1. State whether the residues of the stretch B:68-84 include one that is within 16 Å of DNA strand D (Cβ to nearest atom) and touching a Phe, Trp or Tyr at 6+ places or on another chain (Cβ under 9 Å).
2. Tell me, yes or no, whether the stretch A:34-49 has at least one residue that is part of a helix (DSSP H, G or I) and either in contact with a Lys or Arg (Cβ under 6 Å, 6 or more places away or on another chain) or within 16 Å of DNA strand D (Cβ to nearest atom) (or both).
3. Going by the conditions given, is B:SER26 exposed (fewer than 13 other Cβ atoms within 10 Å of the Cβ), at pLDDT 95 or above and either within 15 Å of the chain's Cα centre (by Cα) or closer than 20 Å to B:ILE14 by Cβ (or both)?
4. Would you pick out the residues in the stretch B:50-66 that are surrounded by 15 or more Cβ atoms within 10 Å (Cβ to Cβ), within 13 Å of another protein chain (Cβ to nearest Cβ) and not in a loop (DSSP other than H, G, I, E, B)?
5. Can you name the number of the only condition in (1) loosely packed, with under 13 Cβ neighbours inside 10 Å; (2) in a loop (DSSP other than H, G, I, E, B); (3) within 13 Å of DNA strand C (Cβ to nearest atom) that B:LYS12 fails?
6. In the stretch A:39-49, how many residues are closer than 11 Å to A:VAL13 by Cα and either surrounded by fewer than 16 Cβ atoms within 10 Å (Cβ to Cβ) or without any contact (Cβ under 8 Å) to a residue 24 or more places away in the chain (or both)?
7. Given the options A:GLY24, A:GLY69, A:GLY47, A:GLY17, name the one that is closer than 18 Å to B:GLY17 by Cβ and more than 12 Å from every other protein chain (Cβ to nearest Cβ).
8. Being touching a Ser or Thr at 6+ places or on another chain (Cβ under 9 Å), over 25 Å from B:TYR8 (Cβ atoms) and at pLDDT 95 or above is the requirement here; does A:ARG36 meet it?
Number of protein chains: 2
Amino acid sequence: MEQHDHSYKDKKVISIGIVSELTGLSLRQIRYYEERRLISPQRTTRGTRKYSFSDVERLMEIANKREDGVQTNEILKEMRKKEMRSNPDYRKKMLEGQLNAQFHFRNKK
Amino acid sequence: MEQHDHSYKDKKVISIGIVSELTGLSLRQIRYYEERRLISPQRTTRGTRKYSFSDVERLMEIANKREDGVQTNEILKEMRKKEMRSNPDYRKKMLEGQLNAQFHFRNKK
DNA sequence: CGTGTAAGGAATTCTGACACG
DNA sequence: CGTGTAAGGAATTCTGACACG
């Protein structure tokens with residue numbers, strides 16, 4: 001589950017109040033985006049939310065899209081696509097897919 | 001006053017409770033090291049302390065030295081030396097100093 | 001759908017001080 | 001000197017709900 005371990009960027013250590021200051025979003029908005037599964041903070045033992053710098057960046061992207069009128073549902077889809085694209089497994093499959101396409105194309109011709 | 005700006009490492013965003021968990025130090029200890037000027041967290045508008053990952057690393061160094069019985073006073077001196085060494089201005093002067101030393105050495109011989 | 005807000009409780013943080021040594 | 005602790009107050013965060021639209 002861990003990648004670099006020394007990547008400060010992904011350490012969940014920021015409380016929601018600071019995230020709010022950093023992003024300009026209200027606490028309500030930040031919690032709502034979690035409900036819609038756009039972000040997933042960690043919880044401390046007693047249940048307070050902790051965010052990483054990655055989460056903060058993600059929230060700023062979300063804020064931009066929301067400003068453009070994009071619904072959370074759409075934002076979720078877009079983000080899933082993006083994540084897929086950066087997934088090595090998916091890349092491999094895409095490559096195979098492309099080769100197959102070329103193959104079919106040649107045969108059709 | 002800023003270096004990279006994109007250096008998450010130096011952004012003061014972590015509350016003292018999290019720092020305590022991260023370092024294993026008590027709140028009392030963390031505040032005391034601040035009193036002794038070993039660290040300098042930022043304050044939010046209402047006065048709560050905010051630390052960076054750099055601060056956390058520094059605190060871990062402090063913890064190690066304290067375990068070895070080094071007094072805060074000594075730790076402060078050591079850290080100042082270290083900072084001097086990594087200060088470009090100081091480097092320049094040291095270089096000049098060395099050259100001078102060589103010069104004197106030659107003349108003496 | 002996305003966000004504001006009032007509500008009540010629980011957990012956090014702050015400071016200054018006394019204690020021990 | 002370095003750290004623990006009890007004390008009282010202020011600020012933070014949490015959840016579930018009602019409101020508007």
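1. Of all residues in the stretch B:68-84, those within 16 Å of DNA strand D (Cβ to nearest atom) come to B:68-80.
Applying the additional criterion that residues be touching a Phe, Trp or Tyr at 6+ places or on another chain (Cβ under 9 Å) yields B:72, B:75.
Yes, there is a match, as at least one residue in the stretch B:68-84 is within 16 Å of DNA strand D (Cβ to nearest atom) and touching a Phe, Trp or Tyr at 6+ places or on another chain (Cβ under 9 Å).
2. First, pick out the residues of the stretch A:34-49 that are part of a helix (DSSP H, G or I): A:34-35.
So of that shortlist, the ones also either in contact with a Lys or Arg (Cβ under 6 Å, 6 or more places away or on another chain) or within 16 Å of DNA strand D (Cβ to nearest atom) (or both) come out as A:34-35.
Yes, there is a match, as at least one residue in the stretch A:34-49 is part of a helix (DSSP H, G or I) and either in contact with a Lys or Arg (Cβ under 6 Å, 6 or more places away or on another chain) or within 16 Å of DNA strand D (Cβ to nearest atom) (or both).
3. Working: exposed (fewer than 13 other Cβ atoms within 10 Å of the Cβ): yes; at pLDDT 95 or above: yes; either within 15 Å of the chain's Cα centre (by Cα) or closer than 20 Å to B:ILE14 by Cβ (or both): yes.
For B:SER26, the condition - exposed (fewer than 13 other Cβ atoms within 10 Å of the Cβ), at pLDDT 95 or above and either within 15 Å of the chain's Cα centre (by Cα) or closer than 20 Å to B:ILE14 by Cβ (or both) - is met.
4. The answer is B:LYS50, B:TYR51, B:PHE53, B:SER54, B:ASP55, B:VAL56.
5. So B:LYS12 meets the others, but not (1).
6. First, the residues of the stretch A:39-49 that are closer than 11 Å to A:VAL13 by Cα: A:41-44, A:48-49.
Among the residues that remain, those that are also either surrounded by fewer than 16 Cβ atoms within 10 Å (Cβ to Cβ) or without any contact (Cβ under 8 Å) to a residue 24 or more places away in the chain (or both) are: A:42-44, A:48.
Result for the stretch A:39-49: 4.
7. Working: A:GLY24 fails: closer than 18 Å to B:GLY17 by Cβ; A:GLY69 fails: closer than 18 Å to B:GLY17 by Cβ; A:GLY17 fails: more than 12 Å from every other protein chain (Cβ to nearest Cβ).
The conditions single out A:GLY47.
8. Numbers: touching a Ser or Thr at 6+ places or on another chain (Cβ under 9 Å): yes; over 25 Å from B:TYR8 (Cβ atoms): yes; at pLDDT 95 or above: yes.
Judged against the criteria, A:ARG36 is a match.
The values are calculated or read from the model by the stated rules, or taken from the named source; none is laboratory data. If you're wondering where the values come from, they're calculated on a predicted model, not measured in any experiment. Cβ atoms come from the backbone with ideal geometry, glycine included; neighbour counts cover every protein chain shown.
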